[in-house]
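The values are calculated or read from the model by the stated rules, or taken from the named source; none is laboratory data. Worth saying up front: this structure is predicted, and the values here are computed from it rather than measured. Please note: Cβ atoms are built from the backbone with ideal geometry, for glycine as well, and neighbour counts cover all protein chains shown. When the accessible area is computed, the model is the full protein with side chains, heavy atoms only, and any ligands, DNA or RNA have been set aside. Shrake-Rupley method; radii C 1.70, N 1.55, O 1.52, S 1.80 Å.
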Amino acid sequence: MELRRAVLICLVPCLTALAAAAETAIPDAAARAVFTEADTLCRSDAGVLWGASLCGPMMLVDASSRELAASHPDTQGVLIARGGVFVGQLPADAMVANTAVDWSGTRWTQLRWPLPQDQARRHTLLAHEMFHRLQPTLSIARTTEGGNEHLDTLDGRYLLQLEWRALDAALSATDAGAQRTAVTDALAFRAARHARFPAAAGEEAALELNEGLAEYTGVVVGNPTPSARIDAARRDLRAHVDDRSFVRSFAYATGPTYGLLLDQAFPRWRDDLGQRVRDLGTLLAEATRIAPAIDEPALLAAAARYDGPTLRQAETLREQHRLAQLQHNRARFVTGPVLRLDLRSMRIQFDPNTLQPLPGSGTVYPTMQLSDVWGTLRVTGGALMQSDWKAVFVQAPAPEGPLLQGDGWSLSLAPGWSVAAGARPGDYVLKTQP
């Protein structure tokens, strides 16, 4: 009888623990499998690509429950060892995204759970984000990213998509002559865009040296053969054609392709990124000794090879809608009443494929989650990020309504902060108690 009672006493908590484990958002075995894949990828690279190992602490985070599973213990001892991984809960003010983060005394590769089921895409994502964790230690020139507003205009979008089509032709070419023709066309479309928009070369280079190199790393390290890497880069070129905006997403498409073409033409090109900001197109032009012609007849002839007239027609129609949207957004976030939230130590989560430049004012984020010293802003219906990233604006709350929510946004304030009247009638700002 005593033995039976002891068994029952032991069985109840054991079953409870098993049930809890079964209900976890990230099963331990699944997390271990991901960490094993990541370790295999970084060890196969062995530091060759960037001269340093991509291996390091990694965490998987479920956005809804904020449960996390990590490959390593954290420096501050918050995580608990379980089932061959380290588990815990990400704080409410910490962002959940595919990125590199510093948390609990450790620098992590952070990935949102679940990961892609397709192995090639999963491996590309793993290597992409492992690069971001390593990136600050590498000899790669850094510059402040611009808004790339030109990539939301008619000419900017048109020339970028022609460049993508030519790059795709270059990757798929079966002979050296056809590839050189396609590369020449791609460089011509790129050079024409940079000539028409004086700030374009620097702004595009900044994002390509960030997200473009990360995706190139994902393609190279995450795919085992040259043909698989070409397939992955071509998939990236196609994946962003239907993006609402190209201002933040274009580098995911151009970075891998230019990287692979540079690998063919000048394998040591990665050693030339530390002295100054280098435009990947310029590097390829130098390596291939191509000086593309950007006069109007040459561009028209090149565009005809990639169905340019049909593309131009579609982009002209989109431009009409864009101009109407600009007017609407100016009324919402510039001329109309707003709530201004000044930024001090911002942490932000957003979809780079949806951003809408508002020339002269900043960029409209259709959705975002942003945390700062004053609390957390959740946006589902649009917010304007100031060009210098020093403030974000949402439409003012309705008169007589709650001050902590408005049209497409809600605000959770930290203790000691409140909403107060702004300088213009109807405007609001945040203030802290003295």
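Below 15 angstrom from the Cβ of V101, what's the summed charge of the other residues (Lys, Arg +1; Asp, Glu -1)?
Values: positive: R66, R107, R112, R133, R347; negative: D74, D93, D102, E129.
My count for the surroundings of V101 gives +1.
In terms of the Cα gyration tensor, with a ≥ b ≥ c the square roots of its eigenvalues, is the chain rounded because a/c is under 1.5, prolate because a/b exceeds b/c, or oblate?
Taking the square roots of the gyration eigenvalues as a ≥ b ≥ c, the chain is oblate.
Work out the length of the dipole vector of the stretch 194-310 about its Cα centre, built from +1 on the beta-carbon of each Lys and Arg and -1 on the beta-carbon of each Asp and Glu, and round it to the nearest 20 debye. Kindly include the intermediate steps, with their values, before the conclusion.
Numbers: 13 positive and 17 negative charges, 38 e Å.
The dipole magnitude comes to about 180 debye.
First compute the accessible area of the chain with a 1.4 Å probe, then give the percent of it belonging to carbon and sulfur atoms. Don't skip to the answer; put the middle values down first.
Numbers: 11310 of 20260 Å².
Answer for the chain: carbon and sulfur cover 56 percent of the accessible area.
Considering the dipole of the chain built from charges on the beta carbon (Lys and Arg +1, Asp and Glu -1) around the Cα centre, which of Q76, G406, H328 is farthest to its positive end?
Final value for the positive-end residue is Q76.
With the cut-off at 1.5 for a/c, could you classify the stretch 276-365 from its C-alpha gyration tensor as rounded, prolate or oblate?
Here the stretch 276-365 falls in the oblate category.
Considering only S387, C42, S345, whose Cα is most displaced toward the positive end of the charge dipole of the chain, charges sitting on Cβ of Lys, Arg (+1) and Asp, Glu (-1)?
S345
Which length gain, in nm to one decimal place, applies between Q320 and A301 when the Cα-Cα distance is subtracted from 0.36 nm times their residue separation? Let's see the in-between values first.
On the way: separation 19, 0.36 × 19 = 6.84 nm, distance 2.61 nm.
Extending this stretch completely gives an extra 4.2 nm.
Can you give the charge dipole size of the chain about its Cα centre, rounded to the nearest 20 debye, using +1 on the beta carbon of Lys and Arg and -1 on the beta carbon of Asp and Glu?
For the chain, the charge dipole is close to 400 debye.
Dipole of the stretch 162-235 (Lys/Arg Cβ +1, Asp/Glu Cβ -1, origin at the Cα centre): which of A205, P224, Q179 lies farthest to the positive side?
The one lying farthest along the dipole's positive direction is Q179.
Accessible area per residue, 1.4 Å probe, Å², for the chain: what's the number?
Details: 20260 Å² over 434 residues.
Result: 47 Å² per residue.
Once a ≥ b ≥ c are taken as the square roots of the eigenvalues of the Cα gyration tensor of the stretch 21-97, is the result rounded (a/c under 1.5), prolate (a/b larger than b/c) or oblate (a/b not larger than b/c)?
Judged from the Cα gyration tensor, the stretch 21-97 comes out prolate (a/c at least 1.5, a/b above b/c).
Would you tally the net charge around V220, using a Cβ to Cβ cut-off of less than 9 Å, leaving V220 out, and scoring K and R as +1, D and E as -1?
-1
Tally Lys and Arg at +1 and Asp and Glu at -1 over the other residues with C-beta under 14 Å from the C-beta of G406: what net charge comes out? It would help to have the intermediate numbers written out before the result.
Working: positive: R332, R340, R378; negative: E400, D407, D427.
Residues close to G406 contribute a combined charge of 0.
Using 0.36 nm per residue of separation minus the Cα-Cα distance, give me the extension gain between D263 and Q313 in nm, one decimal.
Length gained between D263 and Q313: 14.5 nm.
How big is the charge dipole of the stretch 144-241 about its Cα centre, in debye rounded to the nearest 20, if each Lys and Arg gets +1 on its Cβ and each Asp and Glu gets -1 on its Cβ?
340
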